[in-house]
Amino acid sequence: MFNGVNHLMKYNNIDVFNGIGRILGPSIFSPQSGTISVEFEDGESELIPNKNVLICTGSTPVSLPFLPFDHEVVLSSDDILKLEQLPNKLAIIGGGVIGLEFASMMTDFQCRSNCN
């Protein structure tokens with residue numbers, strides 16, 4: 001699934017910048033309100049004027065002490081995105097935004113899911 005999203009981004013000519021970004025207001029540093037300042041891992045930075053912005057803040061999956069990820073049977077949300085074959089059934093632990101989104105998506109893919 002993750003590769004599918006990357007393919008769609010490239011196909012639609014969407015630029016992706018991985019780094020820490022700030023949306024700048026009108027100032028001497030940002031002549032255009034809404035310009036994005038991105039700082040990359042190597043310390044370099046870039047000002048990016050834009051028309052439309054998609055902000056993907058990311059997250060880090062947290063394993064439970066009594067149920068650690070083994071990346072085969074007990075999966076993180078990152079692992080699910082890398083599946084090459086969808087399961088018939090799936091139990092999702094965590095009824096937050098991410099858990100509910102995966103439950104909804106898996107139901108759309110005809111995968112029986114249970115969100116706890």
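Here, each number is a calculation from the coordinates, and none is a lab measurement. Just so it is clear, the model here is predicted, and its values are computed rather than measured. Positions of Cβ are generated from backbone atoms using ideal geometry, with glycine treated the same way; all protein chains shown enter the neighbour counts.
Table for the structure above
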{"read-out": "Cα-Cα P(r), the range 60-116, percent of pairs per 10 Å interval", "value": "23, 62, 15, 0"}
{"read-out": "Relative exposure of Asp42, Asp70, Asp78, judged by other C-beta atoms within 10 Å (fewest first)", "value": "Asp42, Asp70, Asp78"}
{"read-out": "Amide hydrogen neighbours beyond the local backbone of Ser113, cut-off 5 Å, H modeled", "value": "Leu90"}
{"read-out": "Net dipole in debye of the chain [+1 Lys, Arg Cβ; -1 Asp, Glu Cβ; about Cα centre; nearest 20]", "value": "460 debye"}
{"read-out": "Exposure proxy ranking, count of Cβ atoms within 10 Å, fewest first, for Cys115, Cys56", "value": "Cys56, Cys115"}
{"read-out": "5 Å-binned pair-distance histogram of the chain (Cα, whole percent)", "value": "2, 9, 15, 17, 15, 12, 11, 9, 6, 3, 1, 0"}
{"read-out": "Percent of beta bridges antiparallel (DSSP, the chain, rounded to nearest 5)", "value": "70 percent"}
